[in-house]
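Trainee: Got a structure for you, written out below as structure tokens; questions coming shortly.
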Amino acid sequence: MGHDNMAAIMWRYKFVLVATVVVSLAVSLGATYVLQGDEWEASVLMRVGRPSAFADEYTDSAYLDRLLQTVRTITSDKSVAEAAGKAMGLPPESVRGLPNKVHVSVQADTELLRFAVRDTDAKSAQDLLGPVLTEAGSRVKTVYGDSVSFTAVEPIDQPAEKVSTNIPLVAVASSVGALLIGIGFAFAHSAWSRTS
């Protein structure tokens, strides 16, 4: 089958292609919206730095950047979230899923790390944040002792905020899938028409 023949079939069934794309996109977006539900995020900014007793040691920006990255690596390890879940008395099956809910990121050009916990339940996200910070602080103290401070710069009991879902990405994936389904349907219909 040549390219001209393919283009002719697609042109002849253009309305079928468009209808298939529109219906598939509507169904997939609707299903995503219904199944995904709301997602909530509890977060706090933590300052990582040198206490005043160590202020003259290793205060250049390269060192502080390395320090932030190292602390981020230590505190974002999946065992931190798992230990926090065990401390909360959560069942083992719940504890295994916690690392996917905890995110630690470096805030550019600052001494701050942002700790965020996402969950489909606002209270669950908020309840997990405190134990995660406690466990993360314990890990930092184990590695650095008193030479590194790890302190919250805002209250950790702020209410969780509703965050947006990733609908645009789903829309793109759905459109591509719907287009492929439409093309397949057009070719199947064309082949069936020729044989009957």
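Trainee: Just one of (1) surrounded by 14 or more Cβ atoms within 10 Å (Cβ to Cβ); (2) at pLDDT 90 or above; (3) in a helix (DSSP H, G or I) trips up S190, so point out which.
Mentor: (2)
Trainee: So D146 fits all but one of (1) surrounded by 15 or more Cβ atoms within 10 Å (Cβ to Cβ); (2) under 27 Å from Y63 (Cβ atoms); what number is the exception?
Mentor: Every listed condition holds for D146 apart from (1).
Trainee: Any residue at all in the stretch 29-39 that is modelled with pLDDT of 85 or more and either surrounded by fewer than 17 Cβ atoms within 10 Å (Cβ to Cβ) or not hydrophobic (A, V, I, L, M, F, W, C) (or both)?
Mentor: yes
Trainee: Between A108, A81, which is buried (at least 16 other Cβ atoms within 10 Å of the Cβ) and within 21 Å of the chain's Cα centre (by Cα)?
Mentor: Testing whether each residue is buried (at least 16 other Cβ atoms within 10 Å of the Cβ) and within 21 Å of the chain's Cα centre (by Cα) leaves just A81.
Trainee: What about A19, is it touching a Lys or Arg at 6+ places or on another chain (Cβ under 9 Å), part of a helix (DSSP H, G or I) and at pLDDT 75 or above?
Mentor: Against the criterion (touching a Lys or Arg at 6+ places or on another chain (Cβ under 9 Å), part of a helix (DSSP H, G or I) and at pLDDT 75 or above), A19 does not qualify.
The values are calculated or read from the model by the stated rules, or taken from the named source; none is laboratory data. Here the structure is a predicted model, which is why all the values come from computation and not from measurement. Note that each Cβ is placed from the backbone with ideal geometry, even for glycine, and that neighbours are counted across all protein chains shown.
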